[in-house]
Every structure is written in structure tokens, then in C-alpha cells.
1. Answer with yes or no whether B:Leu267 is among the hydrophobic types (A, V, I, L, M, F, W, C), over 26 Å from B:Val179 (Cα atoms) and not in a helix (DSSP H, G or I).
2. Please enumerate the residues belonging to the range B:55-85 that are closer than 27 Å to B:Leu113 by Cα and in contact with a helix residue (DSSP H, G or I) (Cβ under 8 Å, 6 or more places away or on another chain).
3. When the residues of the range B:148-162 are filtered to those that are more than 13 Å from chain A (Cβ to nearest Cβ) and part of a helix (DSSP H, G or I), which remaining residue is surrounded by the most Cβ atoms within 10 Å (Cβ to Cβ)?
4. Pick from the range A:384-395 the residues that are in a helix (DSSP H, G or I) and surrounded by fewer than 24 Cβ atoms within 10 Å (Cβ to Cβ): which of them is farthest from the other protein chains (Cβ to nearest Cβ)?
5. Can you name every residue in the range A:225-256 that is among the hydrophobic types (A, V, I, L, M, F, W, C), out of contact with any Cys (no Cβ under 8 Å at 6 or more places or on another chain) and buried (at least 18 other Cβ atoms within 10 Å of the Cβ)?
6. For the range B:56-104, how many residues are of a type in the set (Gly, Ala, Ser) and closer than 30 Å to B:Ser154 by Cβ?
7. Among the listed residues B:Ile303, B:Ile212, which satisfies the condition of being among the β-branched types (Val, Ile, Thr) and either in contact (Cβ under 8 Å) with a residue 12 or more places away in the chain or in a loop (DSSP other than H, G, I, E, B) (or both)?
8. Just a yes or no: is a residue in the range A:82-101 in the same structural domain as A:Gly28 (by TED's automatic domain parsing), closer than 22 Å to A:Asp145 by Cβ and out of contact with any Leu (no Cβ under 7 Å at 6 or more places or on another chain)?
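The values are calculated or read from the model by the stated rules, or taken from the named source; none is laboratory data. Just so it is clear, the model here is predicted, and its values are computed rather than measured. Glycine gets a Cβ as well: all are built from the backbone with ideal geometry, and neighbour counts include every protein chain shown.
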Amino acid sequence: MSLEEPTPEDGAVEVLPTTGDEIAELLGDLVVDREEHVNAPGFVIRPDTVQETLRRLRDEAGFDHLSCVTAEEREDRYESIYHLTSFDDRQREASVIVPTTKDDPVSESAEPVFRTADWHEREAYDLIGIDYDDHPDLRRILLPDTWQGHPLSQNYDQDRPQIVTLKEWENPLADDHREEEGDTMYVNIGPHHPATHGVLHVKTVLDGEQVADVDPDIGYLHRCEEQMCQTKTYRHQIMPYPDRWDYASSGLLNEWAYARAAEDLNDIEVPEYAQIIRTMGAEFCRIASHMLAVGTFALDVYGDFTAIFMYAMRDREKVQSVLEELTGQRMMFNYFRLGGVVWDLPEPREDFFEMIRDYLDELPQAVEEYHDLITSNEILQARTIDTGVLPPEVAKSYGATGPVARGSGIDYDLRRDDPYGYYDELEWDVITEDGCDNFSRLLVRLREVEESAKIIEQCLDLLEDWPEDERNIQANVPRTLRPDDDTEIYRAVEAAKGELGIYIRADGTEKPGRFKIRSPCFSNLQTLPEMSTGEYIPDMVASLGSLDIVLGEVDR
Amino acid sequence: MVPLQSQVLLPERIAGLLGLSGTVGQIVGGLLGAFLIANLLLVQTAIAGPWAKRKITAAFTDRIAVNRIGPFGLLTIVTDAVRLLSKELVIPEGVDRPAYDLGPLLVPFSALLGFAVIPMGNGIHLADPETGAVFAFAASSIASLGLVMMGYASNNKYSLLGGLRAIASNIAYEIPLIVTAASVIIFTGTLQMSEIVAQQTEPLLSIAGVTIPQWFAFVNPFAFVLFVIANLAEVGRNPFDVPEAPTEIVAGYQTEYSSVYFVLIYLGEFIHIFLGGALAATLFLGGPAGPFLPGFVWFLIKIWGFYLFTQWARSAIPRLRVDQFLDVGWKGMLVLSFANLVLTAVIVGVIA
């Protein structure tokens, strides 16, 4: 698999349509109305032309990344929004808006064009109640099958019993699908299993020791995070929630996702000094998160709580100590504020800088230790190379991002491609590996730790020399934020696991009208069946570990 | 020089001490001797399981481990025994009852049976039949039966997978194990354990006044390495812990066992490790032989050395995938062990 995938129109070096008018011209009659989102032009289309529109945008305009699908019930209509962008140029964005009528909310599925739409549309069906025509498998995804009604729809009655028993729900006339002479065996891996990294349930069909079919069943940790954010005010109340999405030490990265979306929505400029602190803190979170990923991946392959897991936890503890100094917390930081961060670096600053310098001095040796213990081990290589293969086209179609995409050779990193914070001022590289297998994903994480250390070091240099009277940690932000009615924005940041996007529709009040989280783990987990069908159970477990999912973020 | 191997076996000596003779003496001496040796091993296991294993793993992973109760946390052994035995014995629905109960009994007892023929030095030797080596391997193989009973009777898919894997691994690695042991038998010309040990006391060579004995690990290091690796697979430790594989199939054949049954399986595993060490010691390391210390102490040092080795492997080496595991067994170990056997036979044939 090489990076030299020919783009659809490789011969003709024509400029791809980017502005709203150019895209509208390309789509022609398909567009029935135009909208303007803060991040991208929006095109309203009819519900039966979804596939045609998306296919044309993908093939002729290079929009090959369906980042997110947001669904919502409005006063007069149901609406699905497809947030499109491009792996080659993240700053080209387009929103495709598909309204459907209230009495018959049926819309064409985008799954045949973008496979990632499978789960996103299932979620929309589950929570809002839009039916997607031509969808291969429109089941509930987050809620149990026996749930009654769609909780984010407007006429949902919370006082009614929400779940019926399986017995009442089951069709008594349904056939028993078990074969008398079948060669396969159905195994429930999870929701309580040593290798599922949380409450994930993988419905697995085994043929001997080999995996014949895999179906991840999620939703055990669904905590209505989106709806909770909709009931809180922009200014202060939402910020604690992102810490709880990917709680495995990427708190600041998640906070940044909300901060970025809300700041762009409200036109807030963040002072440079605060951006540097944010960048540094976020990279510490990335290191902590990757350490945990490497440790648990080794745990999945090695099989016991061995030295590597303990070493990784030890190095993560050091990062957490730094973060505790900075934010006052080890996991649930709540450190960012709209327009900056909550407080300046801890005093005495010299001690804090020295603590970080010490950490950075030790880090290369620690990473070398991991290479000694893990990546150069022949048995580990035999276990991970050429297993869990995820070709780049498949990864793109599933909307895989972060180390999973970069392990498949996709050169895509929002920190560089859609710069925010202080990243574009610093010297660092986007890591890619072309192996497309479990080993590549492991390598990408280990190498990214080194890049993060580079970023931190440069931030540190800047912070040390920053003049004392210019340490501006927060912009002047009004106490109450009321973005204009019907402004919509979709903004993403590069979290530890990939592209973490937030869609906010303002409704003129101090609370979001719709708050949607695009979780990288959610999209990455979708690739599991692709990677592990036909392989052995241990490889399936290793692939799951290499995806580095956190169920808190998958289920939200 | 005190003979390392007293010709009087333990049952006879006990009978002599009690002043019994004839059939009564044999029965009483045999029972008491077996009782003593079984308890000796259970004590080793008690130290190894709840205490030493934790301490060793902790040392490998930069931790401290049990240190709360008693000196060095040693009384943890008592509290753990009480804890494990007082747990509820959960017996799942639909298990195949006699097999489900017998499996956990077979595992430790098969390993204990193997110790009957192991010479432990200072006259601690229960029986010394002419077919001693074969008996030890045969007895330890009964454990496979226990594993398949547990896996099949538990009515659990993970247990079933674990049982199947256990059988596959036992078959794949027992052949190289026994074939390698056979290369030692070719040297000795006898299966009798006391004779195998006695032959290893002969000097191999003398360097600067230090006499190196003719331990088969020195005579044929290649066979020793093969034997230790195959043994590692026999006792199911990394990189060969495929039958249990906690992150894949939860706990394999022992998934559905709790309380006393769990303890029995655990005991069985540890006694198996010690039996593996005892066989390696007897066949390759001169049995209880060693300088200065009494033979029995050397024997304990050797089996604990092997135990330490299994724990080291467990902490440091990744687990192989099940197909790679079988590949190594059938395509690697088997071929090498037969090559070793043929080579040994040729060399012994030429020299003798």
C-alpha cells in the first residue's frame, strides 16, 4: 500500500471546486437551497438524492472524508447534516443538509458511498428517529433493542416506560436461526471480558479458532453527553463534560474540541500566551494517552500484567503529575475556558519548568526502552505484523482518523492540516507508517510521543522567555454568550485517538440548540470487522487493542 | 563421601523406624511416605502461589507486592488460603456433573503421582521402579484428561476453546518433551531414576582441580534447551500460555471454576511446574547432586530455579498466537527433538 494513490482526476490538474458557488455549480439541480455554516457552505438537497450528491462530491470534488453525520428534529422538519471534508485538504469543507418531512422521515442512506455512514445513521435512527432508506442494517446502536421511542425526538415522553422486556419485544413467530449442523460457534466477547478495554460487547462468530464474523455492540456507557451539553450554558457549564468523553487522560484535547468550536462560533480570539499553554498541555495529554494505548496493547498481546504495562503506567503517571501541577487535577482537568485557560502556570515557574525539563530528558530513554521491550521483540513482531490489516481506501471510507489512519499511511493530522492553537508556529512532523497493520499503529503511537515531546520543548522555550507583563491567559469574554439564532458550526481538533469534532447549532439562547460530538473512537471502532474477519481470535483482540478505543468516547 | 542416593527408599525407612515389616510395613510405610511427600509439595505450592509468584512478578515490574501481613508478607499465604476456601462454590447450570467435579481433582493428583519416582536426595525417594522415567511422564500426562474434562464439562464456550487448546498444546509439546528425554535414556541405558542420577555423578572433566560432573545438561546442552522449552509449553507459561490466554479466552478451561475447585486447579498448575522442574533436574541436572549442601536442599534449589524461570518467561515474553504456537511445536520442536535423538543414538552407538 503506497501513498501514491492516484486521485480521481490525476491527469487533469484542475482546481477542485471549493467555494460554495463552485460546489453548487457542480451539483446543479441537486441543490434545492443554500445555507451558510460558519465552517462551510451548506447545500440543501432532496432526501432521495443523498447518494447521488455525495458520490458526485466525493468523486468530482475530492470530498472523500465523511467526518460526521448530525441528525436533528426541528419544529417543521427532520434534518440530517453530512459534514464532508477532504483527507488531502482538511480546510475544504462542505455540509450537505437533507431535510425530511415530519410525518414521513425517510431519507436515503449514505452508506453505499461512505461506509462510515453505517453507524452514524444508525445513531441518528436510534436517537432521533429518522429512517434511512437503502441502509444495510438499520438497527438501534446505542440504546438496547427493546427501547421504546427515540429519546431526542420532540414528542418523546420520558415518563413512559422506556424498556420492555425481551420476551415482550421478541417476535414469538421468528425462526430459530441456529443451524443443526453448523460449523460455527457464536461467542459473546464482552461486555465483561479482559480484552475489551471497557464495556464493549463484540458479537463474534467463530469458525474453529478463526473469526468468521464480528459485530461490535456499543452503548453500554452511553451517558447522554450530547443532551447534557444542550442543557448547559456555553460560557462555563459545558467545559467539564469533555473531560468525561475520552477519560483515559486526553481531557485537555477534548476540552480543546469544545473550546475551538465555541470560540469560533462566538468570534473569540485566544491570546497567544494561552494558546502556547494549551498546546503544551494538550501534547502532555497526548503522551499520557499514547502511553496507556501502548501499555494496554502490549497487555493484549503479552497476556498478563507484564513489565511493559507497568512501565507504560509509570511513564503516564509522570505526565499526570505534570498535568496536576498545571491544572490541579490528574484526570478531569477542566482547565480550558472559552478565550483561554483558567489560570497561569504554577508558581514558582522555575520549578515547574524544571519538572518538565526533567521529564523531557528522561523521555527518549523511556521510549528507547519500549522499543527494546516491544517493537524489537521477534515474537511481538510475528504477532502484529500483517495482522489487522486496514488498507488506506477502506480506512478513508470508514472515516478512520488519528493513529489508526496514520498507521495506514494516510497523511492526515488536523494539527497541521487545519491548524489551531500554536501548532503551525512550531517545528514537528506528522508521523505515518505504511504497514497498515497492528504493528504500524503501535509504531505510530510511539513515534508520536517523540513528536509531542518536541512540541512541548518548543512551547517550554517560548513560555520561559515570555515577558512577564504580557502573560495574558484569557481573552475578554462576555459573561453570557448568546450566539445568533441558527448559526451552525462544525469544528474538529486532533485528539489522541483522531478527529474529535463538535457540531453546535445556536438557537439564540445561552445554551446550544443542538450539540453533536463526532468521536474518533466511534468511527475507528467501525473498522474492526474489516480488520479481523478471517483472522484468529488473538489477532482480533490485538486489532481491538491497536484501535485504542475508549468506550466513554464511543458511547458518549 | 556420603552417597547421594541411599539405596533404602523412603517407605522402607519409615517402616524400619516404626518397627514394621512385611506387607503391613510396605503399606504403612508407603502411605506415610506418600503423605509426607505430598505435603512437602503442597507447602512448596503454598509458598509459590500466593506469595512467591506475586513477589517475583512485582520484582519484574518494579512494584512491591504483598507486604502487609506477617514478615515479608508471608502470612498472606494463610489469609489467601482462608479467603479462597471460604468463597462460594458457584456451579453453573448445565454442567456435566461428574466430569466437572473430577477434572479439578485429576490435575493436581496427576502431578503429585509423578513425584512418586523422583529422587529428592537424602533418601527421600518414594519408589524406584525400573520404568521410573516413563512412569513420571505418563502420570503427568493424565492432567490432559483433566483439562479436557474441565473444558468440555463446563458448558462454557471459552472453557471449550481453552480445553481444545490445552489438548492441542499437550499433544504438540509432549512428543518433543519425551523424545528429548529419550535421548538421555540412550546415554544411561536405563529408565530407572536412581540409576540415571547415579550415572550423572561420574566426572565429565576436571579443570584446575574443579571436577565437573557428567550432568546431561553439560553433556548435551542442546537437548537440555529443547527439554526446558517443551516443558514451558507443558506447564502452560508464556510464550506458550495459549490454553489460558486471559485476554483472549478469559481463563480457558478454568473459566467456570471458583472456590475450592479453583484452588485445586491452581495447585495442580504449580505442582506441574515443580514436576517439570524435578524432571529437568533429574534427567539433566544430576538430580539432588551438588556441592556442600545436602542433596535435598539442592533438589529444592533446582525446582525453584525452574519455577523462577517460568515466572521470568511469564513477565517478559509475549504470547504466541495459537497457530504459531502449534507451528513451533510440530514444525520446530518435533523436528529438532528427533534430530537430537538420532544424533545422540549415532554418537552413543559409535562410542559404545
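1. Working: among the hydrophobic types (A, V, I, L, M, F, W, C): yes; over 26 Å from B:Val179 (Cα atoms): yes; not in a helix (DSSP H, G or I): no.
Here the answer is no, as B:Leu267 does not meet what is asked.
2. If we filter the range B:55-85 for residues that are closer than 27 Å to B:Leu113 by Cα, which is where we start, we get B:77-78, B:80-82, B:84-85.
Matches in the range B:55-85: B:Ile77, B:Asp80, B:Ala81, B:Leu84, B:Leu85.
3. B:Met150
4. Looking only at the range A:384-395, we keep the residues that are in a helix (DSSP H, G or I), and these are A:384, A:392-395.
Among the residues that remain, those that are also surrounded by fewer than 24 Cβ atoms within 10 Å (Cβ to Cβ) are: A:392-394.
Working: A:Pro392: 25, A:Glu393: 27, A:Val394: 23 Å.
The qualifying residue farthest from the other protein chains (Cβ to nearest Cβ) is A:Glu393.
5. Looking only at the range A:225-256, we keep the residues that are among the hydrophobic types (A, V, I, L, M, F, W, C), and these are A:228-229, A:238-239, A:245, A:248, A:252-253, A:256.
From what is left, the residues that are out of contact with any Cys (no Cβ under 8 Å at 6 or more places or on another chain) are A:228-229, A:239, A:245, A:248, A:256.
Of everything in the range A:225-256, those that are among the hydrophobic types (A, V, I, L, M, F, W, C), out of contact with any Cys (no Cβ under 8 Å at 6 or more places or on another chain) and buried (at least 18 other Cβ atoms within 10 Å of the Cβ) turn out to be A:Cys229, A:Met239, A:Trp245, A:Ala248, A:Trp256.
6. Here is the first cut: in the range B:56-104, the residues of a type in the set (Gly, Ala, Ser) are B:58-59, B:65, B:70, B:73, B:81, B:86, B:94, B:99, B:103.
Narrowing further to those that are closer than 30 Å to B:Ser154 by Cβ: B:81, B:86, B:94, B:99, B:103.
Final tally of qualifying residues: 5.
7. On the way: B:Ile212 fails: either in contact (Cβ under 8 Å) with a residue 12 or more places away in the chain or in a loop (DSSP other than H, G, I, E, B) (or both).
None of the other options fit; the residue is B:Ile303.
8. Start the filter on the range A:82-101 by keeping residues that are in the same structural domain as A:Gly28 (by TED's automatic domain parsing), which leaves A:82-101.
If we keep only those that are closer than 22 Å to A:Asp145 by Cβ as well, we get none.
So far as the range A:82-101 goes, no, none of its residues is in the same structural domain as A:Gly28 (by TED's automatic domain parsing), closer than 22 Å to A:Asp145 by Cβ and out of contact with any Leu (no Cβ under 7 Å at 6 or more places or on another chain).
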